[in-house]
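Below is one structure, written out as structure tokens; the observations come after it.
The values are calculated or read from the model by the stated rules, or taken from the named source; none is laboratory data. Since we're looking at a predicted model, the values are computed, not measured. All Cβ positions, glycine included, derive from the backbone under ideal geometry; neighbour counts span all protein chains shown.
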Amino acid sequence: MPAQIGSVRQSNAMASARKPVIVRKFSRDWCVGYAGLGFARDAAELEILDLNGKVLRIAWEQVKWICYVRDLPSSSGDQTNPERILRKRFSIRPRTAGLWLRLKLTDGDELEGLAANDLTLIEGPGLLLVPPDTRSNTQRIYVPRQAIQALEILSLIGAPGRRRVPPETVEAGQTELFPGESVPSPDRPA
């Protein structure tokens, strides 16, 4: 369909190219906007597009975490906890597969989350975590490496139904229950 004169053509990719985020700084200030899907590894600053359409640049040393949220806070919302992170620790063992981590941040704050068990734990500019309360406004939390003082792996949680079956081993001295009998195959009658 050709574009009409005076109309604005919008790209469908624009909606998925930027996600709503709340950036929490170590100074306890926060800002709201839209961030790209990936962060540049070499970038000295985080760039987000604020609600007024201006690009904000924040030095990584100032960033405590970046919360990917469902809804951006309104001006009448909670100004002290816009991320609505009610729990920073799991109350029970998580059921989702991944690495259960506890982070101690440089300001002394502690945060638990589930991370993917891949090379981003060793390499990469930061960690992407699933928070303890997935029903809250915050869906994912990105913590830059500069913000992490200590990292503790609490548990490796495997995917259900994908357990490895150990090879059958017969211990020395173990006798068979029914020696000499063979199990009939389903193809031929017994």
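Couple of notes before you dig in:
- Arg163 modelled with pLDDT under 90 and either among the β-branched types (Val, Ile, Thr) or out of contact with any Lys or Arg (no Cβ under 8 Å at 6 or more places or on another chain) (or both): yes
- Residues being in contact with a Leu (Cβ under 7 Å, 6 or more places away or on another chain), exposed (fewer than 14 other Cβ atoms within 10 Å of the Cβ) and among the polar types (S, T, N, Q) are entirely absent from segment 97-116.
- Only residues that are surrounded by fewer than 18 Cβ atoms within 10 Å (Cβ to Cβ), among the β-branched types (Val, Ile, Thr) and within 15 Å of the chain's Cα centre (by Cα) were counted across segment 131-152, and they come to 1.
- The residues of segment 69-84 that are surrounded by fewer than 17 Cβ atoms within 10 Å (Cβ to Cβ) and touching a residue at least 40 places away in the same chain (Cβ under 8 Å), listed by number, are Arg70, Asp71, Leu72.
- In the set (1) touching a Pro at 6+ places or on another chain (Cβ under 7 Å); (2) surrounded by 14 or more Cβ atoms within 10 Å (Cβ to Cβ), Arg87 fails one condition alone, (2).
- The set of residues in segment 102-133 that are charged (D, E, K, R) and without any contact (Cβ under 8 Å) to a residue 40 or more places away in the chain comprises Glu110, Asp118, Glu123.
- Residue within segment 125-132 that is assigned to a loop (DSSP other than H, G, I, E, B) and touching a helix residue (DSSP H, G or I) at 6+ places or on another chain (Cβ under 8 Å) present: yes
- A single entry from Ile22, Ile66, Ile85, Ile48 fulfils the requirement of being under 17 Å from Val143 (Cβ atoms), at pLDDT below 90, under 21 Å from the mean Cα position of the chain (by Cα) and among the hydrophobic types (A, V, I, L, M, F, W, C): Ile85.
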